[in-house]
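Undergrad: Mind looking over this structure? Questions follow.
The values are calculated or read from the model by the stated rules, or taken from the named source; none is laboratory data. Please read these numbers as outputs of a predicted model, since none were measured by experiment. No Cβ is skipped: glycine too gets one built from the backbone with ideal geometry, and neighbour counts run over all protein chains shown. Just so you know, the surface numbers come from the protein's heavy atoms only, side chains and all, with ligands and any DNA or RNA stripped out. Shrake-Rupley method; radii C 1.70, N 1.55, O 1.52, S 1.80 Å.
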Amino acid sequence: MTVTPEELRERVRALLASHDPAATGRLDFLRARFDAGLAWVHYPQGLGGLGAPRALQGVVDAELAAVAAPDNEPRRIGIGLGMAAPTVLRYGTEEQKTRFLRPLWTGEEVWCQLFSEPGAGSDLAGLRTRAVRDGDDWIVTGQKVWTSNAHNARWAILIARTDPDVPKHQGITYFVCDMTAPGVEVRPLRQITGEAEFNEVFLTDVRIPDAHRLGEVGDGWRVAQTTLMNERVAIGGTALPREGGMIGTVAATWRERPELRTPDLHDRLLRLWVEAEVTRLTGERLRQQLALGAPGPEGSGMKLAFASLNQRISGLEVELLGEDGLRYGDWTMTRPEIVDFYGRDAGYRYLRAKGNSIEGGTSEILRNIISERVLGLPSEPRTDKDVPWKDLPR
Amino acid sequence: MSADLLYSDVENDLRAAVRGLLADRCAPADVLARCEDDEPYDAALWRTLAREVGVAGLLVPEKLGGQGASAREAAVVLEELGSFVAPVPFLGSAVLATTALLAAGTTEADAAVAGLAEGERTAALAVPLPSAPGAEVFAGLRADADGVLGGRVTSVADATAADVLIVPATGPDGPGLYEVRTDAPGVALSVPVPLDLTRPIADVAFDGAAARRIAGPATAAAAVERALLTGAGLLASEQLGLAQRCLDETVAYLKERHQFGRVVGSFQSLKHRLADLWLEIVQARAAARNAADALARDSADAPVAIAVAQAFCAPVAVRAAEECVQLHGGIGMTWEHPAHLRLKRAKADEIALGTPGRHRAALAALVELPAAG
């Protein structure tokens, strides 16, 4: 079926007529919106969508924003929306899709991602968390790390090793893990900023029913690619005005505080201003290509560019501030739900930006990807490719 | 309205036509051989480009005999000319001189531009190649009430390929633009040995040369400024084309070259250098397209877009050419290999129409980031 924008507007009007946001509880409204197929219109009917083109979501969002209807706070549940949901949709059974997607979308159930481990970062497929079959269950033991929102999460997407006797990519299986199950222990992971955005998650004999497996046994690596592809799509994607990023903060300080200016800082500020503007234009060009349905390889470069730029701009900002650069807002271990570069001081920006070249693919791995997939240079030697996981040196 | 940073179908077709011609007629060995010849410019190639492909009149309205295209199309041509370091006077004649004449807006200037657009004649704008937008270029040359020129201008690009010079000079009533043939009495070109072998420069002395005034104080200064801005903005596309070619050639070479029993391009240190260079070129493309588009739309933001493009693209071209030499190893250091032609062009382009530092200084004023003190 094809849905026109006018039909979508009609459905929104019907939703608003039956569930006036002013008179309906927030959660009831969101559930009704999901059931009306207006949650994510490109999802199938019955799962919050209408099987409509993804591009039409904007029509619904605009109509609902116009009447100030409550939304599902997408920044708070980004991992569920951006990573878990597409994977459940693609690989889940009908039962799993029906059980998980509605409360995921409404935000009633927060999701987190149990992928990285202390011994498996860039080499994620080397992970060692074990899942052993026991009747209708799997028993999972291991340690995961860099888990945003684990302390708020009801569910996790988890990859674990189910067969150590085959090469690393082949012995992995993908599960949905109940974060309230016995044996799941979440500890805050404090970062160099003082706060704890992330967690360590210790799994000790955690029982996961086989009914919560996503995809086939041993096919977890392929399933995880869906999750990771959606993560990369989400990074570096929004349009910015000139001076819209960190450079705007430094430029404002420069204009407001002439006493801080030196010739050296001026030169470096201008160089970074140029680079920030060019990087902004590069993102704009990428979006123009995507709008034509012709994504270029430029996408893989954007994260690399932003990481380096943010680090150098925030470094300059601390230096520019001089005496104020010696002071830090607050080292108290807080637990922010979203990362906000601008709500805090320059020292925070400087320290948090260090993560930009590590999280979501290190800059070194990204350079490998660009040189191999874009430039066609030879791959790094993969000495572990055909070796059973249990025999790998570690 | 925001900038269109992509290439249109028309632009892609134009690129294909220029590239096809250059691939046939502008092989590295030919360009190299010409460098030590008495005729550094390829006049036959320029005639084909100018008359058959129509590149000489891209910026010129159809009513004046041109193609009625825009800076966007001229930028695509410059990408290809930069890629081949083609020895033709496109920048000097079809960009700098043509833009100055168009902006002068007089009947005399329109008449002069028509000949350029049709490829009958080639012109050069008599300003030093390093002149950045905003440079004072009228002070060094004088003209009397009859248009007789005196004085000297150095490092004029594409002058030796030109039939006529468009000369900014100070006349009795202020700045003016004058037209004079390069072979007119009282015009003396001396040709220094250029760093950039594929875009020669000339010092020009005027001693009682009888010229024709084609624009007076009302438009002359603005016309030259418009030419310098346009030249600087479009030079970014030449730098982009050159940088992309350096990367492509280097990647191709590193896929073939073996040392230590493996393809040299498999060494991670080299892969990462090339990934970084690729990213800079991706960024340079956005900057160069933005400048060309701003010029084509006559956007109020054009001065910023141009300063950004020059400040960014000039060093990228130099770095690409330097990496090309280094990563080719010994062969990259030889006269026989064309890598040096691109290195010399890239380094000269870094000085041309304002160094990156001058463009950053211009930007400081444009975006209100004042210097210290």
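Undergrad: Using beta carbons and a limit of 9 Å, which pairs, at least six apart or on different chains, have the first residue in the stretch B:105-116 and open to solvent by less than 10 Å² (accessible area, probe 1.4 Å) and the second one at pLDDT 95 or above and polar (S, T, N, Q)?
TA: Partner pairs satisfying both residue conditions: B:109/B:219; B:113/B:98; B:116/B:93; B:116/B:98; B:116/B:122.
Undergrad: Select from the stretch B:155-179 the residues that are assigned to a helix (DSSP H, G or I) and among the hydrophobic types (A, V, I, L, M, F, W, C) and write down the one among them that is nearest to residue B:40 (Cα to Cα).
TA: From the stretch B:155-179, those assigned to a helix (DSSP H, G or I) are B:159-161; that's our starting set.
With among the hydrophobic types (A, V, I, L, M, F, W, C) added as a condition, the list becomes B:159, B:161.
On the way: B:159: 12, B:161: 9 Å.
The selected residue is B:161.
Undergrad: Of the residues that make up the stretch A:134-156, is at least one over 27 Å from residue A:352 (Cα atoms), surrounded by 19 or more Cβ atoms within 10 Å (Cβ to Cβ), free of Cβ contacts under 8 Å to residues at least 60 places away in the same chain and assigned by TED's automatic domain parsing to the domain that holds residue A:201?
TA: No, the stretch A:134-156 contains no residue that is over 27 Å from residue A:352 (Cα atoms), surrounded by 19 or more Cβ atoms within 10 Å (Cβ to Cβ), free of Cβ contacts under 8 Å to residues at least 60 places away in the same chain and assigned by TED's automatic domain parsing to the domain that holds residue A:201.
Undergrad: Hey, another quick one. Check A:148, A:122, A:116 and return the single one that is at pLDDT below 95 and closer than 30 Å to residue A:330 by Cβ.
TA: Every option except A:148 fails the conditions.
Undergrad: On to the next question. Would you mention how many residues in the stretch A:277-304 are without any contact (Cβ under 8 Å) to a residue 40 or more places away in the chain and facing another protein chain (nearest Cβ under 10 Å)? Reasoning before the result, please.
TA: Filtering the stretch A:277-304 for residues without any contact (Cβ under 8 Å) to a residue 40 or more places away in the chain gives A:277-279, A:281-282, A:285-286, A:288-296, A:298.
Imposing the further condition that a residue be facing another protein chain (nearest Cβ under 10 Å) reduces the set to A:277-279, A:281-282, A:285-286, A:288-289, A:291-292, A:294, A:296, A:298.
Within the stretch A:277-304, residues that are without any contact (Cβ under 8 Å) to a residue 40 or more places away in the chain and facing another protein chain (nearest Cβ under 10 Å) number 14.
Undergrad: Sticking with this structure for a sec: Do we have residue B:273 as under 21 Å from the mean Cα position of the chain (by Cα) and part of a helix (DSSP H, G or I) here? If you could, list the steps in order and put the result at the bottom.
TA: Numbers: under 21 Å from the mean Cα position of the chain (by Cα): no; part of a helix (DSSP H, G or I): yes.
Spelling it out, it is not the case that residue B:273 is under 21 Å from the mean Cα position of the chain (by Cα) and part of a helix (DSSP H, G or I).
Undergrad: Taking the residues in the stretch B:276-298 that are under 21 Å from the mean Cα position of the chain (by Cα) and either of a type in the set (Asp, Glu) or not in a helix (DSSP H, G or I) (or both) as candidates, determine which candidate is farthest from the other protein chains (Cβ to nearest Cβ).
TA: Only one residue fits best here, namely B:298.
Condition check ((1) in contact (Cβ under 8 Å) with a residue 24 or more places away in the chain; (2) within 25 Å of residue A:380 (Cβ to Cβ); (3) more than 14 Å from chain A (Cβ to nearest Cβ); (4) open to solvent by 10 Å² or more (accessible area, probe 1.4 Å)) across all residues:
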{"site": "B:190", "(1), (2), (3), (4)": "no, no, yes, yes"}
{"site": "B:194", "(1), (2), (3), (4)": "yes, no, yes, yes"}
{"site": "B:199", "(1), (2), (3), (4)": "yes, no, yes, yes"}
{"site": "B:209", "(1), (2), (3), (4)": "yes, no, yes, no"}
{"site": "B:215", "(1), (2), (3), (4)": "yes, no, yes, no"}
{"site": "B:239", "(1), (2), (3), (4)": "yes, no, no, no"}
{"site": "B:246", "(1), (2), (3), (4)": "yes, yes, no, no"}
{"site": "B:260", "(1), (2), (3), (4)": "no, yes, no, yes"}
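Undergrad: Considering only the stretch A:1-118, give the helices (runs of 4 or more DSSP H) lying wholly within it that have at least 1 residues that are without any contact (Cβ under 8 Å) to a residue 40 or more places away in the chain and surrounded by fewer than 19 Cβ atoms within 10 Å (Cβ to Cβ). Give the derivation first.
TA: On the way: elements: A:5-18, A:26-35, A:57-66, A:85-91, A:94-106.
Correct list: A:5-18, A:26-35, A:57-66, A:94-106.
Undergrad: Given (1) within 14 Å of chain A (Cβ to nearest Cβ); (2) among the hydrophobic types (A, V, I, L, M, F, W, C); (3) open to solvent by 30 Å² or more (accessible area, probe 1.4 Å), where does residue B:10 come up short, assuming only one miss?
TA: (1)
Undergrad: Now for a separate question. Hey, among B:351, B:331, which residue is under 15 Å from the mean Cα position of the chain (by Cα) and open to solvent by 20 Å² or more (accessible area, probe 1.4 Å)?
TA: B:351
Undergrad: Which of the residues belonging to the stretch A:375-394 are open to solvent by 50 Å² or more (accessible area, probe 1.4 Å) and not in a loop (DSSP other than H, G, I, E, B)?
TA: Across the stretch A:375-394, the qualifying residues are A:390, A:391.
Undergrad: Assuming residue B:62 fulfils every condition listed in (1) surrounded by fewer than 21 Cβ atoms within 10 Å (Cβ to Cβ); (2) under 20 Å from the mean Cα position of the chain (by Cα) apart from one, which condition is it?
TA: Evaluating residue B:62 over (1) surrounded by fewer than 21 Cβ atoms within 10 Å (Cβ to Cβ); (2) under 20 Å from the mean Cα position of the chain (by Cα) leaves (2) as the failure.
Undergrad: For the stretch A:248-261, name all the residues that are at the interface with chain B (Cβ under 10 Å from one of its Cβ atoms) and open to solvent by less than 50 Å² (accessible area, probe 1.4 Å).
TA: A:250, A:251, A:254, A:260, A:261
Undergrad: Taking the options A:281, A:309, A:290, name whichever one is under 30 Å from residue B:7 (Cα atoms) and open to solvent by 60 Å² or more (accessible area, probe 1.4 Å).
TA: Working: A:281 fails: open to solvent by 60 Å² or more (accessible area, probe 1.4 Å); A:309 fails: open to solvent by 60 Å² or more (accessible area, probe 1.4 Å).
From the options A:281, A:309, A:290, the qualifying one is A:290.
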